[in-house]
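So the structure is just underneath, and the comments pick up after that.
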Amino acid sequence: MEFVNVRGEHVPVIGLGTWQLEGEECRAAVEQALDIGYRHLDTAQMYGNEDKIGAVLRSTPVDRGELWVTTKISNDNHAHDDVISSTEESLRKLGTDFVDLLLIHWPVEFESIRETLDAMLLLRDDGKIRHLGVSNFPPSLFDKSAEHAPLLCNQVEYHPFLSQHKVIQAARRHDAMVTAYSPLARGEVFSDESVLDEIARAKNKTAAQVALRWLIDQDNVSAIPKSTSREHIQANIDIFDFALSDEEHGRIDGLERGERIIDPPFAPDWED
Ligand SMILES: NC(=O)c1ccc[n+]([C@@H]2O[C@H](COP(=O)([O-])OP(=O)(O)OC[C@H]3O[C@@H](n4cnc5c(N)ncnc54)[C@H](OP(=O)(O)O)[C@@H]3O)[C@@H](O)[C@H]2O)c1
């Protein structure tokens with residue numbers, strides 16, 4: 001495993017995404033991922049699966065200290081008391097005394113962000129979260145928020161069809177990282193036969209593995225692919241035994257077409 005080194009932390013570059021993983025399928029995927037060697041898990045209050053992940057965390061032989069666990073505050077929990085109580089509820093479900101990273105899932109109520117961050121700082125001072133972060137924050141909002149409170153991360157949609165150059169620049173300005181969600185464009189990376197598939201075939205890898213390698217080669221970037229299949233969970237972490245040349249990086253950069261897979265519940269200005 002490789003790590004993003006930021007603010008004195010070593011964050012595993014690949015984590016398991018868990019959106020739409022529910023019930024037994026979720027428990028099995030998380031258990032398999034830990035067994036295979038994943039040490040980074042991504043969940044959210046909105047995913048409704050913190051309890052299933054908690055069941056695995058309670059029974060796994062892996063030391064809690066080796067794991068990086070991220071969860072996210074739901075859009076209706078941005079008020080001070082709701083931040084505190086919902087995070088405490090997340091900790092109960094996850095069966096852990098702390099999460100490594102707590103994110104504001106979406107900046108739906110711009111006026112309440114300071115209040116939300118202030119409550120998160122209290123949680124950090126109480127040892128219930130180790131770091132604060134945000135998700136889906138355009139660069140200027142990230143700048144403003146990072147001036148108010150120390151942010152470790154901005155988690156955004158990022159894959160070869162969507163450039164996040166400005167978002168990454170903003171994160172680096174504040175010694176923060178970017179976590180790429182939907183890093184496989186929800187499977188669409190397999191539709192690109194001209195570049196990803198060609199590079200993959202030449203290296204005896206898949207388009208998914210090439211896309212993930214391209215992401216994590218970038219400074220301060222991690223990725224959280226989601227999968228239900230043991231074979232794919234394994235494949236998504238088997239990306240440390242090959243390299244991409246500068247020319248191959250350039251060809252993948254050229255796939256950018258401003259394509260967003262995820263519909264936001266608000267209308268951010270990503271170009272600000
Ligand atoms: N912060 C946010 O607002 C936000 C929004 C969206 C997502 N996320 C996070 O990001 C995670 C990942 O994003 P995502 O779930 O949208 O999409 P994704 O990881 O880009 O793609 C998941 C899809 O790709 C398939 N897949 C995974 N690995 C594969 C492989 N090696 N070969 C072939 N197919 C493969 C999966 O199918 P199989 O199950 O069959 O493998 C699934 O259909 C989420 O689970 C969530 O944790 C965060």
Take the residues of segment 73-90 that are part of a helix (DSSP H, G or I) and out of contact with any strand residue (DSSP E or B) (no Cβ under 7 Å at 6 or more places or on another chain): which is surrounded by the most Cβ atoms within 10 Å (Cβ to Cβ)? 84
Name the residues in segment 201-215 that are assigned to a helix (DSSP H, G or I) and either free of Cβ contacts under 8 Å to residues at least 40 places away in the same chain or within 10 Å of the ligand (Cβ to nearest atom) (or both), would you? 201, 202, 203, 207, 208, 209, 211, 212, 213
Is it the case that residue 141 is at pLDDT 95 or above and among the hydrophobic types (A, V, I, L, M, F, W, C)? no
For segment 159-188, pairs from a residue that is at positive phi and more than 11 Å from the ligand (Cβ to nearest atom) to a residue that is among the aliphatic types (A, V, I, L, M) and at pLDDT 95 or above, with Cβ under 7 Å and 6 or more apart or across chains, are 175/6
Pairs only if they're at least six apart or on different chains, beta carbon under 8 angstrom, first in segment 237-250 and part of a loop (DSSP other than H, G, I, E, B), second among the basic types (Lys, Arg); list them, first residue then second. 239/205; 239/213; 242/203; 242/205; 242/213; 243/213; 244/213
Looking at (1) loosely packed, with under 14 Cβ neighbours inside 10 Å; (2) within 13 Å of the ligand (Cβ to nearest atom); (3) within 13 Å of residue 222 (Cα to Cα), find the lone condition where residue 42 falls short. (1)
Pick from 269, 246, 241: which is at pLDDT below 95 and either more than 21 Å from the chain's Cα centre (by Cα) or within 30 Å of residue 141 (Cβ to Cβ) (or both)? 269
Residue check for residue 104: away from the ligand (no atom under 11 Å from the Cβ) and either at pLDDT 95 or above or surrounded by fewer than 22 Cβ atoms within 10 Å (Cβ to Cβ) (or both): no
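The values are calculated or read from the model by the stated rules, or taken from the named source; none is laboratory data. Please read all numbers here as calculations on a predicted model, not as lab measurements. No Cβ is skipped: glycine too gets one built from the backbone with ideal geometry, and neighbour counts run over all protein chains shown.
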